[in-house]
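The values are calculated or read from the model by the stated rules, or taken from the named source; none is laboratory data. Quick caveat, the model's predicted, so the values are computed rather than measured. Cβ: placed from backbone, ideal geometry, glycine included. Neighbour counts: every protein chain shown. Calculation scope for accessible area: heavy atoms of the full protein, side chains included, ligands and nucleic acids excluded. Shrake-Rupley method; radii C 1.70, N 1.55, O 1.52, S 1.80 Å.
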Amino acid sequence: MILVDADACPVKDEAIRVALRHKVLIVFVANQGLRLPDHPLIKMLVVTDGFDAADDAIVEASAQGRLVITSDILLAERALQKGADVMDPKGRAFTKDSIGAQIATRAIMADLRAGLDGQGVGGQKPFGKADRSAFLNALENAVRRL
């Protein structure tokens, strides 16, 4: 099963394509409905507007043998603790060995932005064609492995 943190996920179509090719259930989790193809392997789980409701639903469904797609580092940590494999929309894996450093970097960047009122601190580069390609390759490999 593939679980997608669907709010602002730029690779929904690519994830669907890989899931269907491998006949794997894909579940999009968000606090509002999305337009998705009508297919028995594509599901939409709409959660309440509560704080972290989508994250909580994804963590609840996370388990060994499942793949979570998210750019949320704290959600990635929670899903890893449940045994799931986790990757971001650029195809980068979150692992038990790397998550601590990724959380620390996130905290440092948040502190820098807060201290400088966001002035002079760049964010992530825009999502591009190379990112989409890296994601497709990583997802294909992850689905085959699982």
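Looking across the range 76-85 at every residue that is assigned to a helix (DSSP H, G or I) and open to solvent by 20 Å² or more (accessible area, probe 1.4 Å), the one that is nearest to residue 132 (Cα to Cα) is identified as 77. Of the strands (runs of 3 or more DSSP E) lying entirely inside the range 1-75, those containing at least 3 residues that are open to solvent by less than 60 Å² (accessible area, probe 1.4 Å) and closer than 25 Å to residue 144 by Cβ span 2-5, 26-30, 67-69. Hey, any hits in the range 98-111 for a residue that's acidic (Asp, Glu), at pLDDT below 95 and either open to solvent by less than 50 Å² (accessible area, probe 1.4 Å) or part of a helix (DSSP H, G or I) (or both)? Checked the range 98-111: at least one residue is acidic (Asp, Glu), at pLDDT below 95 and either open to solvent by less than 50 Å² (accessible area, probe 1.4 Å) or part of a helix (DSSP H, G or I) (or both).
Checking each residue in the range 5-59 for being among the β-branched types (Val, Ile, Thr), in contact with a helix residue (DSSP H, G or I) (Cβ under 6 Å, 6 or more places away or on another chain) and within 22 Å of residue 128 (Cα to Cα) picks out 11, 18. Modelled with pLDDT under 85, open to solvent by 50 Å² or more (accessible area, probe 1.4 Å) and of a type in the set (Gly, Ala, Ser): is that true of residue 93 in this structure? When the stated conditions are applied, residue 93 does not pass them.
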